[in-house]
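See below for the structure under consideration.
The values are calculated or read from the model by the stated rules, or taken from the named source; none is laboratory data. Note that the structure is predicted; figures quoted are calculated from it, not measured. Here the Cβ positions follow ideal geometry from the backbone for every residue, glycine too, while neighbour counts run over all protein chains shown. Ligands, DNA and RNA are stripped out before the accessible areas are found, and what is left, the full protein with its side chains, is counted by its heavy atoms. Shrake-Rupley method; radii C 1.70, N 1.55, O 1.52, S 1.80 Å.
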Amino acid sequence: MKKSCKGLPGCKKESPGIITKAKNLVKDTTKHLMGGAENLNDKDYLIRINECKKCDYFNKEKNVCESCGCYMTVKARWKTSTCPKNKWKL
């Protein structure tokens, strides 16, 4: 039986499954489109993506959040998006 390291320092976060990723994609895309498909300006985008890069859930190789499964180079740009770990102040 595989032991979980959840909550321990240095524990590798497991990405959500394909169904959860698809639900998150549909939810965030719908919210983005219903909100007028507005993007952040470059300054605010950089603030968000830099918060991602400091986060334990950010997979730097794939630019993916291991909490929600989203590509953060896209999600961080959308004005209506939120961080699943509440790290964005914008």
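Can you go through THR29, THR20 and tell me which one is of a type in the set (Val, Ile, Thr), closer than 13 Å to THR82 by Cα and either open to solvent by 40 Å² or more (accessible area, probe 1.4 Å) or modelled with pLDDT under 95 (or both)?
Going through THR29, THR20 in turn, the sole match is THR29.
Look through the stretch 58-78, keep the residues that are under 17 Å from LYS89 (Cα atoms) and in a loop (DSSP other than H, G, I, E, B), and return whichever of them is least open to solvent (accessible area, probe 1.4 Å).
Among residues in the stretch 58-78 that are under 17 Å from LYS89 (Cα atoms) and in a loop (DSSP other than H, G, I, E, B), the one least open to solvent (accessible area, probe 1.4 Å) is ALA76.
If a residue must be of a type in the set (Lys, Arg) and touching a Phe, Trp or Tyr at 6+ places or on another chain (Cβ under 7 Å), how many such residues does the stretch 61-90 contain?
Count: 2.
Could you go through the stretch 32-46 and let me know if any residue there is of a type in the set (A, V, I, L, M), surrounded by 16 or more Cβ atoms within 10 Å (Cβ to Cβ), part of a loop (DSSP other than H, G, I, E, B) and touching a helix residue (DSSP H, G or I) at 6+ places or on another chain (Cβ under 8 Å).
Taking every residue of the stretch 32-46 in turn, at least one turns out to be of a type in the set (A, V, I, L, M), surrounded by 16 or more Cβ atoms within 10 Å (Cβ to Cβ), part of a loop (DSSP other than H, G, I, E, B) and touching a helix residue (DSSP H, G or I) at 6+ places or on another chain (Cβ under 8 Å).
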